[in-house]
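**Student:** Before we start, here is the structure in question, set down as structure tokens.
Where a number appears in this text, it was derived from the coordinates with a stated rule and is not lab data. The shown structure was predicted, so the numbers you read here are calculated from the model rather than taken from an experiment. We place every Cβ from the backbone using ideal geometry, glycine too, and count neighbours over all the protein chains shown.
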Amino acid sequence: MLTRSRVEQLLSAFSGKNIVVLGDVMLDEFLWGKARRISPEAPVPVVEIVREEYRLGGAANVVANIRSLGGTAIPVCVVGNDQGAERVIGLMQQLEIDTSGVIRDNRPTTMKTRIVAHKQQIVRADREERSALSAVTNRVVANAFINSLKNAQAVVVSDYDKGVINRELMSDVLPRARDMKVPVFLDPKVHHADYYKPITLIKPNQAEAELLTGIQINDSAALEEAGRRLLAQLGCDYALITQGENGMSLFNKTNSHHVPTFARDVFDVTGAGDTVMAALALAGASGASMEEAAILANHAAGIVVGKVGTSTVNQAELLADFDGRNAHSAG
């Protein structure tokens, strides 16, 4: 049973924890406006833009959430030589994040532009390059990762299939983390499954878990079987299957633990998985059991889906949410 005093203890331990984040960073551009009429050119709304905003997305959103929760994030990632890269680095520096592991390459910085009117996303436009990194860039990224491991308590691998997470890089860096006894928490893409060894925890959503295991999850027995198959396929210690409004289920080699959803109102699921990864890694690095880490991560996800756009969660919000729900003993 996770108590309030235990939550406070874990949150206080977040400070000083160094979490390496390896993966596909993105720049999220939000164009906020009002839609009052339909275009005469096509049956689409005309959005009058009133403001624009840039936020860290993808693996960079994991970085932002770790920072917001009081930990130290060490990004190891690739950006281009463009304005998007300048904005990503600038936003990280505003958060006092060390950007020495942000590698420049001759490829565009991934950018997602969302047009939002009346809290509803109207359309999204993506600019990206999804080819794998070159051998030379892989080596630069691997060196940055290995150097960052020296002071790390955990690693998050955030795979958005934009080229950074590739077979050659994973075969180089994941064994290094294992050898240094640094746990690895991985957010997957299905067709990269055979890259992901060795890791500590994999966090697929339900659709990804179904594709990874070949099991249609339509009841608790199928969910249990899928969790067991994930552990066997990947040889990892834990599998955490997130299920949206149905919460999340954690599996290890001996048992499973289901955590019901903590979301009150769902406005936007953008980046919720990044928040889960940040909370999981920080809690795990701070001495939480994986069950405790999953509960904290579920609270964090429940908070962030109540916000519009790519967002972060902080310790005060987590503690207030825990208190407000009275889902566990208040000891």
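**Student:** Among Y54, G80, V44, whose Cα lies farthest out toward the positive end of the dipole of the stretch 42-122, if unit charges sit on the beta carbon of Lys, Arg (+1) and Asp, Glu (-1)?
**Tutor:** The residue sitting farthest along the positive end of the dipole is V44.
**Student:** Something else about it: If eta is 1.567 mPa s and T is 4 °C, what Stokes-Einstein diffusion coefficient results for the chain, Kirkwood Rh from Cα pairs, in µm²/s?
**Tutor:** Working: Rh = 20.2 Å.
It diffuses with D of about 64 µm²/s by this estimate.
**Student:** Count the lysine pairs in the chain whose Cα atoms sit under 13 Å apart, keeping only pairs 8 or more residues apart in sequence or on different chains.
**Tutor:** Numbers: K17/K150; K34/K119; K112/K162; K119/K307; K150/K181; K162/K189; K189/K203.
Close lysine pairs found across the chain: 7.
**Student:** Additional query: Please state the charge dipole magnitude for the chain, taken about the Cα centre, from unit charges on C-beta atoms (+1 on K and R, -1 on D and E), reported in debye and rounded to the nearest 20.
**Tutor:** Numbers: 34 positive and 38 negative charges, 57 e Å.
In total the dipole reaches around 280 debye.
**Student:** Arranged by the count of other C-beta atoms within 10 angstrom, fewest first, what order do S131, S68, S148 take?
**Tutor:** On the way: S131 9, S68 19, S148 22.
Listed from fewest to most nearby Cβ atoms, that is S131, S68, S148.
**Student:** Calculate the dipole size of the stretch 143-245 relative to its Cα centre from +1 charges on Lys and Arg beta carbons and -1 charges on Asp and Glu beta carbons; express the result in debye to the nearest 20. Can you show the working numbers first?
**Tutor:** Values: 11 positive and 14 negative charges, 105 e Å.
With Lys and Arg at +1 and Asp and Glu at -1, about 500 debye.
**Student:** Further, regarding this structure: Find, to one decimal place in angstroms, the Kirkwood hydrodynamic radius of the stretch 1-93, where the mean of 1/r is taken over every pair of different Cα atoms and then inverted. Walk me through the numbers on the way to the answer.
**Tutor:** On the way: mean 1/r = 0.0619 Å⁻¹.
The answer is 16.2 Å.
**Student:** Please arrange R104, R36 by how many other C-beta atoms lie within 10 Å of their C-beta, fewest to most.
**Tutor:** Numbers: R104 15, R36 11.
Starting with the residue having the fewest Cβ neighbours, the order is R36, R104.
**Student:** Okay, moving on. Hey, fewest Cβ within 10 Å first, where do M277, M180, M92 land in order?
**Tutor:** The order, fewest Cβ neighbours first, is M180, M92, M277.
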